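Written out below as structure tokens is the structure these notes cover.
The numbers here are math on the coordinates, done by the rules we state, and not lab data. This structure is a prediction, so every number in the text was calculated from the model and none was measured. Note: ideal-geometry Cβ built from the backbone for every residue, glycine included; neighbour counts use all protein chains shown.
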Amino acid sequence: MEFIKILQKVNATMKSISDKIIDRIKDLPPVSKSFFQIMKITGNPNYSFQEIARVIEYDPVLTAKILKVTNSSSLGLKRTFDSVKAAIPYLGEKTIIGMAVDSCAHGFYNSPLDGYLSLEGELWKHSIMTALIAKEIIVTAINRVPDPNQVFTAGILHDIGKMVISGLLSEAGVLEANGVLDVHTFLDREEALISINHCEAGRLLAQHWGLPELYQQVIFYHHNPQMVDQCYASIVYAVHLSDIVAMEYGMGTGVDSLQYRLDQDYKNFYDISTEKLYGIISKADDEYNKINEFFKA
């Protein structure tokens, strides 16, 4: 009888957590239909970038944003663009994807993460930097090189769970727990405080949004890549490593920065020396600054 009571209590607790997460998901800043369409397209390994262009062309707000940036005098281009398809070769695919995600989910990515003491816009900066580093890392792949745009998109999406549980962490007093809980990583702290971590919450959000399985796997396993199915491992390890490198570079999301373990098995997938890593960070930083200029235009 005692065991049954304990089981009932556990089930009631889990239902309470599940209900809270569902409520948080419902209260998140809105994301446009175009966002989901672009995520679905890039989740297919055989997609054509022209499919993304078609989605953008049917979204007047997104089309206007991209054409405004492309035709901005600050870019110094010597011609005027009147279509997204014409603009793609000049902006580049990753810039187009980044702009599309920012335009479709601006409120989501730029909200502060109070539970992590992360300021407005820091989630977006961290996500973009992770995505850019990941896209450079895959060039060093020992075996098959993953699709660069899938890797880039996965990097943008990997931390969406933080938006779901940030408020719960804030209510639970994550700062007061610092140095009190006997935990190994920030995932353990999240679980100790609110019985769920941002990877689990992120997967629930990804399922709610109907994101492709590839992105669900990256979101769920990016801090535990050794547990993912081998068919997703190369992309998950790329994002895992890039996430930590971005934090070390100073682009984290608050109090959880550098509070995660680096799985050394990434070396089974990528041949990265310290010298190569410096080069990767330098290239990613250059790309980040270029993309920032595009967004300011």
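For region 31-104, the Kirkwood estimate of the hydrodynamic radius, built from every pair of different alpha carbons, is 12.5 Å. Summary of packing: across the peptides 273-282, 239-248, 46-55, the per-residue average of other C-beta atoms within 10 Å ranks them, highest first, as 239-248, 46-55, 273-282.
Phi angles across region 63-69 convert, under the Karplus curve 6.51 cos²θ - 1.76 cosθ + 1.60 with θ = phi - 60°, into 3J(HN,Hα) values of 4, 4, 4, 5, 5, 4, 5 Hz, Gly and Pro given as x. Here's how it looks for Y270: its modeled amide H is under 5 Å from those of I142, which are all 5 or more places away or on a different chain.
Size of the dipole of region 31-104 about the Cα centre, Lys and Arg at +1 and Asp and Glu at -1 on the beta carbon, nothing else charged, in debye to 20? So the magnitude is around 120 debye. Between the residues L205, F49, Y116, the greatest Cα displacement towards the positive end of the dipole of the chain, with unit charges on the Cβ of Lys, Arg, Asp and Glu, is found for F49. Across region 13-152, the relative contact order, built from alpha-carbon pairs under 8 Å that are at least six residues apart, equals 23 percent. Using a cut-off of 23 Å between Cα atoms, the listed pairs K33/K68; K26/K135; K68/K94 include K26/K135 as exceeding that distance. Toward the positive end of the charge dipole of region 113-297, with +1 on the Cβ of Lys and Arg and -1 on the Cβ of Asp and Glu, the farthest Cα among L193, A246, I281 is that of I281. Length available on full extension from Y47 to D27: 0.36 nm per residue minus the Cα-Cα distance, which gives 4.0 nm.
Here C231, C199, C104 are placed in order of increasing Cβ neighbour count within 10 Å, fewest first, which gives C231, C199, C104. Along each principal axis, taking the top coordinate minus the bottom one, the Cα set of region 222-267 gives 31, 15, 14 Å in descending order. Considering all C-alpha pairs of region 144-297, those separated by over 25 Å amount to 33%. Applying Stokes-Einstein at 20 °C and 1.002 mPa s to the Kirkwood radius of the chain, computed over alpha-carbon pairs, gives a translational diffusion coefficient of 107 µm² s⁻¹.
If you bin all the Cα-Cα distances of region 75-219 at 10 Å, starting from zero, the percentages per bin are 10, 33, 32, 17, 6, 2, 0.
Taking the Cα centre of the chain as reference, the dipole from Cβ charges on Lys and Arg (+1) and Asp and Glu (-1) amounts to some 900 debye.
Region 54-72 and region 82-147 have Cα centres lying 17 Å from one another. Only one residue of V101, V69, T80 has its Cα farthest out toward the positive end of the dipole of region 65-130, where Lys and Arg carry +1 and Asp and Glu -1 on Cβ, and that residue is T80.
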